[in-house]
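A.B. asks: First the structure, which I've put down as structure tokens, then a few questions once you've had a look.
The values are calculated or read from the model by the stated rules, or taken from the named source; none is laboratory data. Predicted model, so just to flag it, every value in this text is computed and none were measured. As a convention, Cβ positions derive from the backbone with ideal geometry for all residues, glycine included, and neighbour counts pool all protein chains shown. Only protein heavy atoms, including side chains, enter the accessible area calculation; ligands, DNA and RNA are left aside. Shrake-Rupley method; radii C 1.70, N 1.55, O 1.52, S 1.80 Å.
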Amino acid sequence: SRLERQESDYLYELDWLDFLRQREMPVSYPIPRADGGFLGHIAAPEGVRHYALFSLALGKPLNLNDEEELFIMGREMARLHLASNDYEPPHARQQLDLDFLVDRPVARMQKFWDADEARSEKLEILLISAEEAKDEILTLLQNDEYTPDGWGPIGGDFHKASVFFDQNNDPTFFNFDWCGYGWRAYDIAVFLFNTNLIHEGSADRSEAFFA
């Protein structure tokens, strides 16, 4: 798969979520097995499959028209990032760096588009755009790309259906398949993109999220 997961990737995710649970962060956390570990294995026809049991996330998905929930979403994402600055992972995890976010996706597309003459012009635009995007990102980052607050463990895929709010308006985050070391700005950008809060007419709701 495009995620190319190894066992250490799953162990990182489970250990990080348990770390966040210990710091009372609002996440769905792994439930220990009888042997004390979090990760189980199943011998499936296609090979070994991994599984884990998580605590229940109560409530309903984030309401994008509720400015209070958007404010809480932004605040708790920030708290999660700050708490994770102290996390020291015992397991390796694929990083969400420019190789993962730009180079490898472009290479996959180039592999299939190279032989398609009808897409040759689009492929050229894609390659130029990818290089320009990398140059702009690196220019913005300069020497600050790996500061504790700017780079560290991130969720990777925050959206309205990856957090539930209960009757007290308390959130619980779940679905951390894309987590790993990355830029905190990426978490924010992905959330804004997934929820369409980057488009015209969403200024008030976006402001609530950033407040």
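A.B. asks: Using a probe radius of 1.4 Å on heavy atoms only, what accessible surface per residue do you get for the chain? Whole Å² is fine. Let's see the in-between values first.
C.D. replies: On the way: 12580 Å² over 211 residues.
Per-residue accessible area for the chain comes out at 60 Å².
A.B. asks: Right, next: Suppose only helical runs count, i.e. DSSP H with n ≥ 4. What mean residue ellipticity at 222 nm does that imply for the chain under -39500 (n - 2.57) per run, divided by all residues and rounded to the nearest 500 deg cm²/dmol? Each step should come with its number before you reach the end.
C.D. replies: Details: 6 runs with 85 residues, N = 211.
Calculated mean residue ellipticity at 222 nm is -13000 deg cm²/dmol.
A.B. asks: Which value, in Å² and to the nearest 10, is the accessible area of Leu126 when all protein chains are kept and the probe is 1.4 Å?
C.D. replies: Around 40 Å² of this residue is reachable by solvent.
A.B. asks: Report in % the part of the accessible area of the chain that belongs to carbon and sulfur, leaving out ligands and nucleic acids; probe 1.4 Å.
C.D. replies: Answer for the chain: carbon and sulfur cover 51 percent of the accessible area.
A.B. asks: OK, next. Once Lys and Arg get +1 and Asp and Glu get -1 on their Cβ, which of His199, Gln95, Phe71 lies farthest toward the positive end of the dipole of segment 63-211?
C.D. replies: Gln95
A.B. asks: Taking 7 Å along the Cα-to-C-beta vector as the label spot, tell me the Ser120-Arg79 distance in nanometres, rounded to one decimal.
C.D. replies: 5.7 nm
A.B. asks: If you wrap a convex hull around the C-alpha atoms of the chain and split its volume per residue, what is the figure in Å³?
C.D. replies: 162 Å³
A.B. asks: Something else: Between segment 125-140 and segment 1-72, how far is it from one alpha carbon centroid to the other, in angstrom?
C.D. replies: Computed from Cα coordinates, the inter-centre distance equals 33 Å.
A.B. asks: Another question, if that's okay. Running a GNM on the chain with Cα contacts under 10 Å, which residue among Tyr51, Tyr181, Tyr87 ends up with the highest mean-square fluctuation?
C.D. replies: Greatest mean-square fluctuation among the candidates belongs to Tyr51.
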